[in-house]
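Each remark here refers to the structure printed beneath this line.
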Amino acid sequence: MTAMAMACKPDLIIFDEPTTALDVTTQIEVLAAIRDVVREHHTAAIYITHDLAVVAQMADRIKVLLKGSEVEEAPSRQMLSAPREAYTRSLWAVRDFRPAPRTGETAPAPILRIENVSASYGAVPVLHDVSIAVPRGRTVAVVGESGSGKSTTARVVMGLLAPTRGQVVFDGRPLPPASRARPRDLQRRMQMIHQMADTAMNPRQRIRDIIGRPLDFFLGLRGRARQDRIRELLAEIELEPDRFIDRLPGELSGGQKQRVCIARALAAEPDFIICDEVTSALDQLVAKGILRLLDRLQRERDLSYLFITHDLATVKSIADEVVVMQQGRVVESGPKEAMFTPPHHPYTELLLSSVPEMDPDWLTGLLAERAAGRIADAEAAAQASLGGA
Ligand code: ADP
Ligand code: MG
């Protein structure tokens, strides 16, 4: 996309969140490429993003907007070290949502076990001997770059793709590979929330029908009982029932759509939910609201989450355990504390070192270190995994 934008030798390019949907390792390459291109061609650029650590690497000046008005503008270094306005300081602070620590220790028995699962699309193998256990009432985060097999793992669990080897065990019972062969009550107990709230909902259905369908299908609720439950669910995800019940998905913001998708999953009264990149398309303030909501629901209902994400800041805040995937394999797994304490697997090291920091010299420094071979780059990490495999 950058090459296309450069082709007509423009004087100005506007980059609108070009790396928001990318994982950290891919993001670094794109950021470095954009920066080089802008410098080499003496092009001016406006870089729009909600990620302050990214803006710290890319911009000479920063302007902060709130509800259509300017909050402040200053040279990047000045704004990063001494933001003038309270709103700007609040943006700096949202990087960390910290749920209350758990009481009562030793992880409970797993509600879900993925046992030695391999899977392919046609003849192309994608998952290799993947094993993951999700304890009841806990959150297991699955991280890894784009294409590492995270969503494919989710599809196998949900019965949308049959494994070529291995099995999925739910609450002690091995599950039939295809979702339609699973008893309806088991289907009800396992729900999934998708990355793209946009495409996950029928654009012509009103919110009452979107949330009402699982109530009808799984719980047989009709008429008054169904209406009441829809309103309760809307209140539970913090959307005012009267304002939202008759809207279409197109009449909601990104965060509101994701809340409706959460309500639809909750409607089935599940024990276990797969969250596939549920906050990846959202800005940090909205994402924080969603994470807080998921955390509250987990505590109230003893829900278990398999939380797929490429965002390590999210993992740090919500996970109890972490599974790192690369090229269809699990390369590291364990409690979150262990994951964020060295020594790491080289690929985990690469992921951790790729998370942008607020220091404006961070990207330049990292690229120099990698070029000099002092820290792991993508190639070294891949070699190490192949050696280990
Ligand atoms: P992730 O969710 O970690 O980004 P995916 O599980 O979506 O990764 O993809 C893993 C691999 O499987 C990728 O190489 C991707 O190109 C491939 N893949 C995903 N979906 C399909 C499909 N429907 N048909 C063929 N290949 C696919
Ligand atoms: Mg995916």
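The values are calculated or read from the model by the stated rules, or taken from the named source; none is laboratory data. Keep in mind it's a predicted model, so treat the numbers as computed, not measured. No Cβ is skipped: glycine too gets one built from the backbone with ideal geometry, and neighbour counts run over all protein chains shown. Quick note on the areas: whole protein, heavy atoms, side chains included, nothing else; ligands and nucleic acids left out. Shrake-Rupley method; radii C 1.70, N 1.55, O 1.52, S 1.80 Å.
Laid out as a table, the results:
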{"quantity": "Check on ARG247, open to solvent by 10 Å² or more (accessible area, probe 1.4 Å), more than 15 Å from the chain's Cα centre (by Cα), more than 19 Å from VAL157 (Cβ to Cβ) and at pLDDT 95 or above", "calculated": "yes"}
{"quantity": "Wholly enclosed helices (runs of 4 or more DSSP H) of region 1-98 bearing at least 2 residues among the charged types (D, E, K, R) and surrounded by fewer than 16 Cβ atoms within 10 Å (Cβ to Cβ)", "calculated": "24-40"}
{"quantity": "Enumeration of residues in region 113-162 that are in a strand (DSSP E or B) and closer than 18 Å to ILE193 by Cα", "calculated": "VAL134, THR139, VAL140, ALA141, VAL142, VAL143"}
{"quantity": "Qualifying residues in region 131-151 (those that are hydrophobic (A, V, I, L, M, F, W, C) and within 14 Å of ligand 2 (Cβ to nearest atom)) - the one nearest to GLN167 (Cα to Cα)", "calculated": "VAL142"}
{"quantity": "Filtered residues of region 155-173 (kept if more than 16 Å from ligand 2 (Cβ to nearest atom) and either surrounded by fewer than 16 Cβ atoms within 10 Å (Cβ to Cβ) or not aromatic (Phe, Trp, Tyr) (or both))", "calculated": "GLY159, ALA162, PRO163, THR164, ARG165, GLY166, GLN167, VAL168, VAL169, ASP171, GLY172, ARG173"}
{"quantity": "Members of region 44-82 found to be over 22 Å from PRO10 (Cα atoms), small (Gly, Ala, Ser) and free of Cβ contacts under 8 Å to residues at least 60 places away in the same chain, listed by number", "calculated": "GLY68, SER69, ALA74, SER81, ALA82"}
{"quantity": "Check on THR106, open to solvent by 30 Å² or more (accessible area, probe 1.4 Å), more than 23 Å from PRO346 (Cα to Cα), β-branched (Val, Ile, Thr) and more than 13 Å from ligand 1 (Cβ to nearest atom)", "calculated": "yes"}
{"quantity": "Count of region 174-228 residues which are part of a loop (DSSP other than H, G, I, E, B), under 25 Å from ASP302 (Cα atoms) and open to solvent by 50 Å² or more (accessible area, probe 1.4 Å)", "calculated": "3"}
{"quantity": "Number of the exception - VAL169 against (1) within 24 Å of the chain's Cα centre (by Cα); (2) assigned to a strand (DSSP E or B)", "calculated": "(1)"}
{"quantity": "Test set (1) more than 26 Å from LEU252 (Cα to Cα); (2) modelled with pLDDT under 95; (3) open to solvent by less than 60 Å² (accessible area, probe 1.4 Å) - HIS128 fails condition number", "calculated": "(2)"}
{"quantity": "Among the candidates ARG296, ARG329, residue that is more than 16 Å from the chain's Cα centre (by Cα), charged (D, E, K, R) and away from ligand 1 (no atom under 15 Å from the Cβ)", "calculated": "ARG296"}
{"quantity": "Residue check, ALA141 small (Gly, Ala, Ser), within 14 Å of ligand 1 (Cβ to nearest atom), open to solvent by less than 10 Å² (accessible area, probe 1.4 Å) and in contact with a helix residue (DSSP H, G or I) (Cβ under 6 Å, 6 or more places away or on another chain)", "calculated": "yes"}
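For (1) farther than 19 Å from VAL322 by Cβ; (2) touching a residue at least 24 places away in the same chain (Cβ under 8 Å); (3) within 16 Å of ligand 2 (Cβ to nearest atom); (4) among the aliphatic types (A, V, I, L, M), each residue gets a yes or a no:
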position: ARG89; (1), (2), (3), (4): yes, no, no, no
position: ASN116; (1), (2), (3), (4): yes, yes, no, no
position: GLY122; (1), (2), (3), (4): yes, no, no, no
position: VAL126; (1), (2), (3), (4): yes, yes, yes, yes
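Okay, residues lined up against (1) of a type in the set (D, E, K, R); (2) open to solvent by 50 Å² or more (accessible area, probe 1.4 Å):
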site	(1), (2)
CYS261	no, no
ASP283	yes, yes
LEU303	no, no
LEU312	no, no
ALA319	no, no
GLN327	no, yes
VAL331	no, no
ASP359	yes, yes
